[in-house]
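Below is one structure, written out as structure tokens; comments come after it.
Any read-out appearing in this document is the output of simple, stated calculations on the displayed coordinates, not a laboratory observation. In this text the structure is predicted, and so the values were computed from the model without any measurement. Cβ atoms come from the backbone with ideal geometry, glycine included; neighbour counts cover every protein chain shown.
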Amino acid sequence: MNSIPLFPLNTVLFPEGVLPLRIFETRYLDLVSESLRTQSAFGICLISKGHEMGVPAECHEIGTFAHIVDWGKGDDGLLGITVQGGKRFRILHTRIRKNRLMEGDVEIIDDNEDEELPVEYQLLSDLLRQIADKFKLAHLSEHAKYLDANWVGCRLAELLPFDLDEKQMLLELDDPLQRLQQIQTMLHGFTVDQFNN
């Protein structure tokens, strides 16, 4: 069991995903400072009740470790950081620190990171390549993991225009093939307009 600071957000971070954040609340400036000083991760979890600012929000019990990979001052004077998703975790208990930062006791969820992409999901891998090329996502275009079922599923889950509850449901699935199957099913209900937004 690990004890980590938590950052409840209206977004879902997937393992190996990249997420830029702007930091301005004191408690989260403290979190970033602590993370950089100790070179430790914190947890990002989707808000289930409440808001990003003000009173500490309630969040879903499954989240993702976030590792700071870049940071600096933005044009607006605010601190900007970029995080990369690590392993998933399950929150067992939470408490609020004096600075109103949420802290959680979490257990790591071990993912099957070497599941080879079955041939029946090759079209999903091709779709991910097309998205990477169309939107010039350099960090994906030259990636060597297009045959990794877990990686392909996580990248599609974060990039496709699913709503937050759907993304959270996909994050919570333990089986990479089940995640791909679910994405395939969800895509059948898509319209061309949803892809263009």
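Values computed for the structure shown
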| item | result |
| --- | --- |
| Average projection area in nm² (convex hull over Cα atoms of the stretch 90-197, one quarter of hull surface) | 8.8 |
| The stretch 2-109: relative contact order as a whole-number percent, Cα under 8 Å and 6+ apart | 34 |
| Where chymotrypsin sites (Phe, Trp or Tyr not before Pro) fall in DSSP loop in the stretch 22-117, at most 15 other Cβ within 10 Å | Phe24 |
| Cα-based Rg and Dmax for the stretch 2-109, where Dmax is the largest Cα-Cα distance (Å) | 12.7, 39 |
| Ratio Rg/Rh [Cα only; Rh per Kirkwood] for the stretch 1-61 | 0.93 |
| The stretch 160-168 - phi-based ³J(HN,Hα) in whole Hz, Karplus 6.51/-1.76/1.60, Gly and Pro as x | 6, x, 7, 7, 4, 5, 5, 4, 5 |
| Whole-Hz couplings from phi, Karplus 6.51/-1.76/1.60, listed for the stretch 58-64; x for Gly and Pro | 8, 9, 5, 7, 9, x, 9 |
| Distance (nanometres) between label positions extended 7 Å along Cα→Cβ at Lys136 and Ile108 | 3.8 |
| Low-density loop positions, GluC sites (Glu not before Pro), the stretch 62-150 - DSSP coil, at most 15 other Cβ in 10 Å | Glu113, Glu142 |
| Members of Lys98/Lys167; Lys49/Lys145; Lys134/Lys167; Lys136/Lys167; Lys49/Lys134 lying beyond 25 Å, as alpha-carbon distances in this model show | Lys98/Lys167; Lys49/Lys145; Lys49/Lys134 |
| Low-density loop positions, chymotrypsin sites (Phe, Trp or Tyr not before Pro), the stretch 134-178 - DSSP coil, at most 13 other Cβ in 10 Å | Phe135 |
| Other-chain or far-sequence residues with amide H under 5 Å of Ala41's (modelled H) | none |
| Per-residue HN-Hα couplings for the stretch 8-15 [Karplus 6.51, -1.76, 1.60; θ = phi - 60°; Hz; x = Gly/Pro] | x, 9, 8, 7, 10, 9, 9, x |
| R0 of 30 Å, Cβ-Cβ distance Ser33-Asp165: FRET efficiency to nearest 0.05 | 0.40 |
| Normalised contact order of the chain, rounded percent, pairs of Cα under 8 Å and 6 or more residues apart | 21 |
| Ratio Rg/Rh [Cα only; Rh per Kirkwood] for the chain | 0.97 |
| Charge dipole (the chain, unit charges on Cβ, about Cα centre) - positive-most of Pro161, Tyr28, Phe7 | Tyr28 |
